[in-house]
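I have placed the structure first, in the form of structure tokens, so that the comments after it can refer back to it.
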Amino acid sequence: MAKSKFEYVKQFETEDRLLPNCWIVVRIDGKGFHRFSEQHNYIKPNDDRALDLMSKAAETVMEEFKDIVLGYGQSDEYSFVFKKSTNVYNRRASKLATNVVSLFASSFVYFWPRYFGTQMMQYPPAFDSRTVIYPTDKNLRDYLSWRQADCHINNLYNTCFWKLIQEKGLTPAQSQERLKGTMSSDKNELLYKEFEINYNNLSALHRKGTIIIRTPKQDQENGDLDILKLQLTPSGSSTARGGLSSRSPRPMTGGARRVGDVSAIL
Ligand code: ATP
Ligand code: ATP
Ligand code: MG
Ligand code: MG
Ligand code: MG
Ligand code: MG
């Protein structure tokens, strides 16, 4: 095709190809979901309909992008790990971030009625997206441990915060004041002494988030399960049993498998 005299403007575009041979993580996060969750009557501190909808949207993304080996989600965020060798969109950061987040957002809206029934969406939600590369397996494990530690810290705080409001009648400001300066051990004790709750017995999905992995084909014994050897702990430390594989896992057959507790996949 003959070049037009306008063609030169293409050169203004910047190169954003990500370094080869590194794990690529795309993380999306809901924009202003503090407000969105209030306006849509999310059950506090954890609305399972919303968590399930987030995971449904994440599964849709993983059905489309076969090079994603693992998804990790909590609250209004999801991280997607692309295999090291992926060449999708020529590893262009903006293409990866935008295609993942737009499919995620449209799926969130598309599947909304399945999880929220007749409750209408009040306004269109938005999500942000970023692309980060991790050169070593340790960096990737630590990234996932970091997100899971964040989930744990927030969930412990939110569980206390909402218990004080819902069961002791405190205002949000009073509840915040009551929790100011408390350590994790103080919060655990508060839950135990005032509400007879053993935090560790609460739902693993709420305490640790959701991991989505590909299941190997049922009829193949030697499915590539190396990726399942990721070990995450809510404390933020991590250990690995065996190495992470950069090989492609088997394609999803019956869709992705979801687990709340990472220990369940080890
Ligand atoms: P930003 O645009 O900067 O991300 P944000 O309001 O989305 O702002 P986040 O730090 O992302 O802030 O926090 C998301 C908030 O959404 C949580 O603090 C919580 O209030 C709410 N939220 C998300 N998912 C759920 C859920 N499943 N159940 C209850 N509340 C939720
Ligand atoms: P890519 O994912 O690389 O963008 P693509 O299939 O979207 O692939 P484009 O070059 O973006 O390819 O072209 C969009 C195509 O969508 C057009 O070639 C046309 O076939 C179709 N299309 C888009 N808008 C319309 C429209 N309003 N009416 C008819 N066809 C349309
Ligand atoms: Mg944010
Ligand atoms: Mg957010
Ligand atoms: Mg968030
Ligand atoms: Mg197009």
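Can you name the helices (runs of 4 or more DSSP H) wholly within region 33-142 that have at least 3 residues being within 16 Å of ligand 1 (Cβ to nearest atom) and surrounded by fewer than 16 Cβ atoms within 10 Å (Cβ to Cβ)?
33-39
Can you confirm whether residue 66 is away from ligand 3 (no atom under 16 Å from the Cβ) and either aromatic (Phe, Trp, Tyr) or free of Cβ contacts under 8 Å to residues at least 12 places away in the same chain (or both)?
no
If you scan region 1-55, which residues turn out to be touching a helix residue (DSSP H, G or I) at 6+ places or on another chain (Cβ under 6 Å) and away from ligand 3 (no atom under 16 Å from the Cβ)?
16, 17, 18, 23, 42, 44, 45, 46, 49, 52, 53
Suppose we filter region 166-177 for residues that are touching a helix residue (DSSP H, G or I) at 6+ places or on another chain (Cβ under 8 Å), surrounded by 11 or more Cβ atoms within 10 Å (Cβ to Cβ) and without any contact (Cβ under 8 Å) to a residue 24 or more places away in the chain; how many remain?
Total satisfying the criteria: 5.
Check 111, 104 and return the single one that is of a type outside the set (Lys, Arg), within 16 Å of ligand 5 (Cβ to nearest atom) and touching a helix residue (DSSP H, G or I) at 6+ places or on another chain (Cβ under 8 Å).
104
Okay, residues lined up against (1) away from ligand 5 (no atom under 16 Å from the Cβ); (2) polar (S, T, N, Q):
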position: 43; (1), (2): yes, no
position: 60; (1), (2): yes, yes
position: 63; (1), (2): yes, no
position: 66; (1), (2): yes, no
position: 72; (1), (2): no, no
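For residue 36, indicate whether it is hydrophobic (A, V, I, L, M, F, W, C) and within 15 Å of ligand 4 (Cβ to nearest atom).
Yes, satisfied.
A short reminder: the numbers here are calculations on the coordinates, not readings from a lab. Here the structure is a predicted model, which means the values were calculated and not measured. Cβ: placed from backbone, ideal geometry, glycine included. Neighbour counts: every protein chain shown.
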